[in-house]
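Worksheet: the structure to be examined is printed underneath.
Readers should treat all values here as calculations from the given coordinates under stated rules, not as data from a laboratory. Keep in mind it's a predicted model, so treat the numbers as computed, not measured. Counting neighbours? That spans all protein chains shown, and the Cβs are built from the backbone with ideal geometry, glycine included.
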Amino acid sequence: MIKLNHLDYYRLPWNLTDNIISWLEPTAKCNLACFGCYRKNEVNSHKSFEQVIEEILLFKRMRNTDAMSIAGGDPLLHPDIVRIVQFIKAQKIKPIINTNGIALTKELLKELKKAGIYGFTFHVDSKQNRPGWKDSNEIELNELRYHYASMLASEKNISCSFNSTVYRDTMQYIPGMVEWANKNIDIVNVMVFILYRAVTNDFVDFYLGPEKIDMSNLVYNSEESKVVDIKTEELYEIFKKNDPNYDACSYLNGSENPESFKWFLAGRLGTKKKIFGYLGPKTMEIVQTFNHLLFGKYLSYTSPKISRKGKSLLLLSPFDKKLRQAVKNFFINPFNMFRRLYYQSIMVIQPVDLTDDGRQSMCDGCPDITLWNGKFVWSCRLEEQLNYGINLRTFPKEGIKLNKKSVVS
Ligand code: SF4
């Protein structure tokens, strides 16, 4: 596996109190049971509108945030979803709905647009047991992705992102998904690949203080020894093979391992036919710094109106070697001057890892922080808070050398 140097990339400046996103969960109820889900589906789990408002205001008091991911469960099932979006928008925070899309109708979309929705992140992958798509692979699911992207496009200026959990047996489809995103760069703004993680008692023991805990009841426990050690670098190799110009510009490191890439963000510029180049670290640094200076927040999602003005980013090329290459590739054909150049993000998220001595390495500067009992907690480990009141500690089982096996939480 290739070894990347984290110092070659821009370390995104996000932290606990000043971040691009915060994670709101109005419900844990869902209409799907995805294999890789981190949250237990709870039928009667809608928080009251007042409770949700309280959480939004608490976030606002404790954390400067550009956007708010409204997640769950599936937030579209919450009866007050439109009012929630309206309230977030009134706080000058961008409301983003994280959904599987099933409950999204044209009428609801119109209402959400009126309420001020900024964007959607659709989670679509082949291990969701979706009715009607059960045996479809990731490439076949591009048809469903297209359906949601076109739905948003018809309402105009709603940001469109797709999340997909990546497993060893689905990695082969990544080039086809990235290519599809290129063909639809005019209506798809972000593609996120989340590397599958689950806990297992096979290689580590979990402790609540001195008490050993059996994790088999937790929703993100995997009975089978599934491979859960896919690394960002492996996806880097896939992207690179597909497009030799590919490179990311920025990252978040692990809380316990500075060299790991927990969020790995690439920004590319292209038309529906071709990608002309990628942003380098300097461009992302300029964008994040100036956005904060001018608007007081780090930049999360951009609106489709901005994303289609990719040519304006080329103005930063004097500061960025990678962008200069994009300028060269684009203007090699002078007629391109009259073509629209789109910006699109390709991102990898590598959730919780275990270090050799059993510590759990989280995303340093986690954007997906949520609230539990008035405290900030990692949304990917909320079930531990709910079941044990605290995040559990892990220690390697005797005789086990971690990261040599396919383990991890
Ligand atoms: S620490 Fe967990 S919740 Fe936070 S960004 Fe990483 S995977 Fe998401």
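How many angstrom lie between the Cα centre of the range 227-248 and the Cα centre of the range 9-32?
After rounding, the separation between the Cα centres reads 24 Å.
Hey, got the Cα dimensions of the range 124-186 along the principal axes, in Å, largest first?
So the extents along the principal axes, rounded to whole Å, are 35, 25, 15.
List the aspartates and glutamates whose Cα lies under 12 Å from the Cα of Lys134, skipping any in the same chain that are fewer than 8 positions away.
Answer for Lys134, where 12 Å is the Cα cut-off: Asp125, listed by chain and number.
Once you list every other residue whose beta carbon is under 9 Å from the beta carbon of Asp18, what net charge do they have if Lys and Arg are +1 and Asp and Glu are -1?
Working: positive: Arg63, Lys297; negative: none.
Result for the local shell: +2.
Looking only at Pro334, Pro351, Pro26, which one moves most when the chain is put into a Gaussian network model with springs between Cα atoms under 10 Å?
Highest fluctuation of the listed residues: Pro334.
Where the centre of each part is set by its Cα atoms, how far does the range 114-168 sit from the range 294-348, in angstrom?
Each part's Cα centre sits 24 Å from the other's.
Over all distinct alpha-carbon pairs, what is the Kirkwood Rh of the range 253-373 in angstrom? Don't skip to the end; give the middle numbers.
Numbers: mean 1/r = 0.0609 Å⁻¹.
When all Cα pairs of the range 253-373 are included, the Kirkwood radius is 16.4 Å.
Tell me which of Trp372, Pro26, Phe395 sits at the most positive position along the dipole axis of the chain, charges placed on C-beta atoms (Lys, Arg +1; Asp, Glu -1).
With unit charges placed on the Cβ atoms, the residue in question is Pro26.
So if I place +1 on the C-beta of Lys and Arg and -1 on the C-beta of Asp and Glu, and nothing else carries charge, what would the dipole magnitude of the range 82-124 be about its Cα centre? I want it in debye, nearest 20. Before the final figure, lay out the partial values.
Numbers: 8 positive and 2 negative charges, 42 e Å.
Computed charge dipole of the range 82-124: roughly 200 debye.
So how strong a dipole does the range 145-227 carry about its Cα centre when Lys and Arg Cβ are +1 and Asp and Glu Cβ are -1, to the nearest 20 debye? Don't jump to the answer; show the numbers that get you there.
Numbers: 7 positive and 10 negative charges, 81 e Å.
Once rounded to the nearest 20, the dipole reads 380 debye.
If each residue's Cβ is checked for other Cβ atoms within 10 Å, how do Arg340, Arg197, Arg61 rank with the fewest at the top?
Numbers: Arg340 13, Arg197 24, Arg61 7.
Arranged by neighbour count, lowest to highest, Arg340, Arg197, Arg61 become Arg61, Arg340, Arg197.
Using square roots of five times the C-alpha gyration tensor eigenvalues, list the equivalent-ellipsoid semi-axes of the range 3-160 in whole Å, biggest first. Don't skip to the answer; put the middle values down first.
Values: eigenvalues 122, 98, 58 Å².
In descending order, the three semi-axes are 25, 22, 17 Å.
Which semi-axis lengths, in whole Å and largest first, follow from the square roots of five times the eigenvalues of the Cα gyration tensor of the chain?
Details: eigenvalues 204, 135, 89 Å².
Whole-Å semi-axes of the equivalent ellipsoid: 32, 26, 21.
Counting only other residues whose beta carbon sits under 15 Å from that of Gly280, what net charge do I get with K and R as +1, D and E as -1?
Around Gly280, the surrounding residues sum to +3.
Mind checking which lysines have their Cα closer than 19 Å to the Cα of Lys397? Skip sequence neighbours fewer than 8 apart in that chain.
Hits, sequence-local ones excluded: Lys212, Lys226, Lys405.
Rounded to a whole number, what is D in µm²/s for the range 79-155 from Stokes-Einstein with the Kirkwood radius over alpha-carbon pairs (37 °C, 0.692 mPa s)?
Translational diffusion coefficient: 244 µm²/s.
For the range 34-106, count all C-alpha to C-alpha pairs, find those more than 14 Å apart, and express that count as a whole percent of the total. Kindly include the intermediate steps, with their values, before the conclusion.
Values: 1660 of 2628 pairs.
Here the long-distance tail beyond 14 Å is 63 percent of all Cα pairs in the range 34-106.
So what is the calculated 222 nm ellipticity per residue for the chain, using -39500 (n - 2.57) for each DSSP H run with n of 4 or more, over all residues, to the nearest 500 deg cm²/dmol?
Details: 11 runs with 110 residues, N = 409.
That comes out to -8000 deg cm²/dmol.
Please get the size of the charge dipole for the chain, origin at its Cα centre, with Cβ charges of +1 on Lys and Arg and -1 on Asp and Glu, quoted in debye to the nearest 20.
1920 debye
Provide Rg over Rh for the range 74-225; use the alpha carbon set for both Rg and the Kirkwood Rh (inverse mean inverse pair distance). Before the final figure, lay out the partial values.
On the way: Rg = 18.4 Å, Rh = 17.5 Å.
The Rg/Rh ratio comes out at 1.05.
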